[in-house]
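The values are calculated or read from the model by the stated rules, or taken from the named source; none is laboratory data. Not measured: the values here are computed from a predicted model. Every residue, glycine as well, gets a Cβ built from its backbone with ideal geometry; the counts of neighbours run over all protein chains shown. Keep in mind that these areas ignore ligands, DNA and RNA; they rest on the heavy atoms of the full protein, side chains included. Shrake-Rupley method; radii C 1.70, N 1.55, O 1.52, S 1.80 Å.
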Amino acid sequence: MGADEILNLLDFSKWSVLIEILSKQTEPVVLDGVLEGFEQIGFEPPPNMLNLVNEKAVTFAQNRAAELVGKRLVNGIIIDNPNPIWSIPESTRDMLRGLVTEAMEQGLSGKALANRIREEYAFSEARAEMIARTECAFADAHGNFLSYVESGVVTGKRSVLSNNENHGADDIANAAQGVIPLMQAFQSGHMTAPFHPRCQWDVLPEVD
């Protein structure tokens with residue numbers, strides 16, 4: 001039996017119980033991003049607009065929580081997602097692939113492999129913190145974006161790099177685009193930040 005066959009035996013189905021928990025944790029961050037977005041552009045939304053944006057923010061939180069565990073929500077029903085973005089189960093499976101392959105090549109026992117896995121980044125506090133930071137940034141930025149769209153006064157956006165010198169080629173290319181239409185994706189294919197984990201830049205609105 002190969003490494004992929006072994007990894008395919010892993011059962012992540014029970015992770016679905018995390019959807020409600022993750023959604024409740026994400027909702028206030030998205031809602032805060034909504035208010036922050038309106039404040040950034042100096043726009044006072046009427047109550048009906050704010051209510052609409054808040055509803056969209058809650059929907060985003062629920063859908064994103066499902067994506068994180070490799071699922072989708074369709075009419076309130078949880079189904080498998082064939083292409084989840086940054087899915088925790090799939091990224092965990094990818095991290096384990098190398099360890100399982102190496103263990104098989106070295107003839108390690110199951111116990112020895114288990115010990116190696118416990119020591120790896122896949123299950124570390126550092127990875128948990130990175131995921132939490134990334135998802136908070138993702139939720140906040142999406143809340144901002146919802147406000148920009150619904151306000152009707154934001155016409156464009158631009159990606160601004162931080163002082164971090166470790167930016168990837170896509171990050172630099174996105175920033176080099178300058179101001180682009182609000183509803184146009186950046187070169188990397190993203191509508192707003194973060195473009196990948198460990199985000200070190202911002203997407204700023206352009207108002208007429």
Practice task
Taking the residues in the stretch 85-136 that are within 30 Å of Val34 (Cα to Cα) and basic (Lys, Arg) as candidates, determine which candidate is surrounded by the fewest Cβ atoms within 10 Å (Cβ to Cβ).
Solution key: Arg133
Exercise for the section: Check whether at least one residue in the stretch 137-155 is without any contact (Cβ under 8 Å) to a residue 12 or more places away in the chain, open to solvent by 30 Å² or more (accessible area, probe 1.4 Å), part of a loop (DSSP other than H, G, I, E, B) and under 30 Å from Glu39 (Cα atoms), and report yes or no. Expected result: yes
Fill in the blank from the handout: For the stretch 165-186, the count of residues that are part of a helix (DSSP H, G or I), open to solvent by 60 Å² or more (accessible area, probe 1.4 Å) and without any contact (Cβ under 8 Å) to a residue 24 or more places away in the chain equals 3
Exercise for the section: Would you mind telling me which numbered condition in (1) in contact (Cβ under 8 Å) with a residue 40 or more places away in the chain; (2) of a type outside the set (D, E, K, R); (3) exposed (fewer than 15 other Cβ atoms within 10 Å of the Cβ) Leu161 fails? Expected result: (3)
Fill in the blank from the handout: Residues in the stretch 130-154 that are of a type outside the set (A, V, I, L, M, F, W, C), at pLDDT 95 or above and in contact with a Leu (Cβ under 9 Å, 6 or more places away or on another chain) total 4
Practice task
Report yes if Pro82 is out of contact with any strand residue (DSSP E or B) (no Cβ under 8 Å at 6 or more places or on another chain), open to solvent by 80 Å² or more (accessible area, probe 1.4 Å) and of a type outside the set (D, E, K, R), otherwise no.
Solution key: yes
Exercise for the section: With the condition kept exactly as written, say whether any residue in the stretch 23-38 is charged (D, E, K, R), within 19 Å of Leu204 (Cβ to Cβ) and assigned to a helix (DSSP H, G or I). Expected result: yes
Completion exercise
Of the conditions (1) part of a helix (DSSP H, G or I); (2) open to solvent by less than 70 Å² (accessible area, probe 1.4 Å), the single one that Leu73 does not satisfy is (1)
